[in-house]
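The values are calculated or read from the model by the stated rules, or taken from the named source; none is laboratory data. Remember, it's a predicted structure, so these values are computed and weren't measured experimentally. When we count neighbours, we look across all protein chains shown, and the Cβ atoms used for this are built from the backbone with ideal geometry, even at glycine.
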Amino acid sequence: MSVTFKQRELSNGLTIVGEVDPEAHTAAAGFFVRTGARDEDPAVMGVSHFLEHMMFKGTEELTTVDINRGFDDLGARNNAYTSGEITCFYAQTLPERLDTAMSILARMMRPALRQEDFDTEKNVILEEIAMYQDNPFWVLYEEAVDRRYRPHGLGHRVLGTNETVGQLTRDQMMDYFRARYSADNTTVSVAGNVDFDTVCAQVEELCGSWERTGATRDAGRPTSNPETFVQHDASITRGYLIGLADAPAADDDDRYAAALAAQALGGPDNSRLHWALLETGIAEEAQSAADAHDGAGDYFVYASGDPERMDEIAEVIVRECRGLRDSMDDDDLARLRARQLTAATLAGERPGDRMQRLGRLWTLLRRYESLEQQLDRLGRVTLEEAKAVLDRWPIDPGLMGRLMPGED
């Protein structure tokens, strides 16, 4: 695969990165802003996600119809998302249409933030919060992360709460936008059949006037709070359980072995939790994963089932977590490596996925690792290394929470 990495920084601090593949049939571009729920003051929790919505409401020159119709006319696949650490706006097109897609993306990154649009969209956000409150997993997960990291921003809810969003003002959003959506806090990522020099010239023209703000983030690992809690919800009939434990951060080389170990514990097939909980009929759902953040990381373990069996489910999870290190063998690693290598390689064939991987990597770590380097590192994880990582980062939940039927 003839992919070449390129990088350039504009005089205002905006960085452009690219993986150029002249043989690709498509092109993709994304604007990645190094800001998310963890960077918000508690009083404006949810502003990053709300602002993501507002970016599509138009600029002083473009209406919301202009933006949406512009992407439609290109046949582009475009969208945006907000996480705890990144907000991204992206589009995938045919190569000859990328310049127009880039123009729309760049211009919408400087929204008008009109009061009437703000008022209308606030109701949309509140409805979205209500929708997620009907999802038991999401309710339990957000509560668990909040309790685990409070008062650190890693515990913030991406959507915010009814209270924080309800009280948010347009001026507060504008202040947040001006502080965080700066040139030196933004990365433009492109991939596929692109002319990198042409992209850089276009970004310079469209974004060269953006200001620096020196936006920063506290990326130190916060203290995590050990806790056991139970919540109740009269509208549910099943029981739900989640456990969280410390895991390697996004810049930690241990993350590769940790990801494989978490899959050995609770991957979709042939994992410890699958055989111990699902095949035995003790639980209805069971999974685990490692989630690496900027400066921190989490293992999470999740299960659901008959409320009367939640104690049994919890006992099995603790037993399998504590026995994972000694039960792992070379066959486990070979199977898991093959699965992850296949998934990563398939994704690497799509410019849109390469653009996302590159943009997130540079935004969080400010460095480049090729897909081939990452695949090579994943393929070199040994059983001894995996066990050593589990010694340093055991999957032993320090926080365990349950969501159960009934009234609090």
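Quick check on my filter: what residues within the stretch 283-325 are of a type in the set (D, E, K, R) and either more than 17 Å from residue 149 (Cα to Cα) or not assigned by TED's automatic domain parsing to the domain that holds residue 340 (or both)?
Within the stretch 283-325, 284, 285, 306, 308, 309, 311, 312, 315, 319, 320, 322, 325 qualify.
Being surrounded by fewer than 13 Cβ atoms within 10 Å (Cβ to Cβ), closer than 30 Å to residue 14 by Cβ and not assigned by TED's automatic domain parsing to the domain that holds residue 141 is true for just one of 354, 350, 367. Which residue is that?
367
Do we have any residue at all in the stretch 272-284 that's under 26 Å from residue 335 (Cβ atoms) and part of a strand (DSSP E or B)?
No: zero hits.
Within the stretch 211-234, which residues are of a type in the set (S, T, N, Q) and more than 18 Å from residue 285 (Cβ to Cβ)?
Within the stretch 211-234, 213, 216, 223, 224, 225, 228 meet the criteria.
Looking at the stretch 37-46, can you tell me whether even one residue there is modelled with pLDDT of 95 or more, more than 26 Å from the chain's Cα centre (by Cα) and part of a loop (DSSP other than H, G, I, E, B)?
So far as the stretch 37-46 goes, no, none of its residues is modelled with pLDDT of 95 or more, more than 26 Å from the chain's Cα centre (by Cα) and part of a loop (DSSP other than H, G, I, E, B).
Quick check on the stretch 74-88. Is at least one of its residues on the phi < 0 side of the Ramachandran plot, among the polar types (S, T, N, Q) and touching a residue at least 60 places away in the same chain (Cβ under 8 Å)?
yes
Go through the stretch 148-175 and give me each residue that's under 19 Å from residue 132 (Cα atoms), among the charged types (D, E, K, R) and buried (at least 18 other Cβ atoms within 10 Å of the Cβ).
Within the stretch 148-175, 157 is the sole residue that qualifies.
Could you pull out every one of the helices (runs of 4 or more DSSP H) wholly within the stretch 302-408 that has 1 or more residues that are farther than 12 Å from residue 257 by Cα?
310-327, 330-348, 351-365, 371-379
Name the pairs: first residue in the stretch 140-152 and within 21 Å of residue 303 (Cα to Cα), second residue aromatic (Phe, Trp, Tyr) and surrounded by fewer than 18 Cβ atoms within 10 Å (Cβ to Cβ), Cβ to Cβ under 7 Å, at least 6 apart or on different chains?
147/229
Are there any pairs with C-beta distances below 7 angstrom linking a residue in the stretch 376-399 that is closer than 26 Å to residue 145 by Cα to a residue that is aromatic (Phe, Trp, Tyr), with the two at least 6 apart or on different chains, and if so which?
Matching pairs, first to second residue: 395/299.
Please state which one of 220, 243, 267 is modelled with pLDDT under 95 and crowded, with 19+ Cβ neighbours inside 10 Å.
267
Kindly indicate which of 265, 241, 206 is assigned to a strand (DSSP E or B) and among the hydrophobic types (A, V, I, L, M, F, W, C).
Every option except 241 fails the conditions.
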